[in-house]
Structure formats: structure tokens, C-alpha cells
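Please treat every number below as a calculation from the coordinates, not as lab data. Keep in mind the model is a prediction, meaning the values are calculated, not measured. As a convention, Cβ positions derive from the backbone with ideal geometry for all residues, glycine included, and neighbour counts pool all protein chains shown.
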């Protein structure tokens with residue numbers, strides 16, 4: 001077969017493309033609004049990026065001419081500005097601060113209340129009771145409140161009561177006592 005002249009091949013190719021586009025016209029018309037919307041969104045985002053880039057360059061140029069002042073407003077208070085708080089020396093729990101309910105002191109002692117007839121000084125601590133076997137087994141001393149909550153379902157009522165008694169006698173942390181007491185109530189109600 002002989003090859004058609006170049007001009008005729010171009011005309012036939014254009015006719016085939018016109019026929020193909022005519023067949024795709026219903027789909028193109030349906031997609032046209034989405035295409036326009038996405039093109040407009042792309043143009044808007046590009047303009048926003050260009051404007052942000054200009055603002056950043058302007059800020060950098062202005063900082064070289066007018067260096068920023070390192071001033072702190074009167075209303076701003078940061079943790080490093082506050083005086084350091086010393087932990088209570090007599091083994092008492094902290095009752096103020098961000099982690100007061102969950103703070104753990106190094107000693108497991110509670111100060112005793114003295115009466116007028118006591119000859120002992122006020123800060124004489126009594127020693128902590130011996131932990132029950134369940135506390136030793138689950139390493140109760142190092143558990144956080146969330147870790148203890150996760151392990152409560154596997155304990156018996158007797159174990160829970162032993163832990164509550166130990167908590168009341170040793171550290172008396174209110175969240176731990178409440179958690180144990182609520183679990184005992186739920187377990188005995190079943």
C-alpha cells in the first residue's frame with residue numbers, strides 16, 4: 001500500500017480525533033464543572049503559596065533592618081519563671097501542683113498525729129506495713145493508676161481488699177483508694 005500524502009494524513013487524523021471527542025462529549029460535559037472547580041482551586045492555592053512566600057521574605061528583610069525586641073508581656077507566665085518548689089521533707093503528699101494526686105514520695109511513711117500526752121516529736125513517722133503477697137507479685141509500688149486499673153479485673157475480692165488496706169496504711173493516695181474501693185463494690189455486686 002502506498003503512503004498517502006502528508007496533508008491528507010493530517011486531515012484524516014483530525015477527523016478521527018473529532019469523532020472520538022464527539023463520542024466522549026457526554027462524559028466531558030458531566031466532568032467539566034469538576035474540572036473547572038479543581039483548576040480554580042489549584043490556582044487559588046498557588047497564589048496563596050506565592051503570597052506566603054513573599055510575606056516570609058518580607059519578614060526576614062524587616063528583621064534585618066528592625067531586630068525584634070525580646071520582651072515578655074506582663075500576663076505571660078512560664079514554668080521556668082516560677083520559683084522551684086521543694087518537695088515536703090516530712091514525707092507528706094503534695095496537695096498542690098499539677099501532679100499532686102499522683103506524686104510518689106521516696107519514703108513510705110506517714111506522719112503521726114501527736115497528742116498533748118505524747119512525748120514524741122510531731123514528725124516521728126511510723127514505718128509502713130508489710131505489703132501483701134499480691135502487692136509484691138504485681139509490683140504494686142511501681143504501678144501507675146492506669147496500670148493498676150488494667151490489672152484489677154484479674155484480682156479476687158480478697159486481693160482487692162488487701163491492696164486497699166495496704167494503700168490506706170502505706171501511702172493513702174486518694175485516686176488509688178477510690179479505684180480499689182469502686183472495684184471491690186463492683187466485684188461484690190455481681
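Roughly how far apart, in whole Å, are the Cα centres of the range 1-57 and the range 129-149? Using only Cα atoms, the two centres lie 70 Å from each other. Fully extending the segment from residue 63 to residue 190, taken as 0.36 nm per residue of separation minus the present Cα-Cα distance, adds 38.8 nm. The label point for residue 156 and the one for residue 39, both projected 7 Å from the Cα toward the Cβ, are 7.8 nm apart. When every Cα-Cα distance of the range 126-190 is counted in 5 angstrom steps from zero, the calculated P(r) takes the values 3, 18, 34, 29, 12, 3, 1, 0 percent. Distance between the modelled labels on residue 8 and residue 181, one decimal in nanometres: 10.3 nm (7 Å Cα→Cβ projection).
Is the shape of the range 1-69 rounded, prolate or oblate, going by the alpha carbon gyration tensor and its root eigenvalues a ≥ b ≥ c, with a/c under 1.5 for rounded and a/b larger than b/c for prolate?
Taking the square roots of the gyration eigenvalues as a ≥ b ≥ c, the range 1-69 is oblate.
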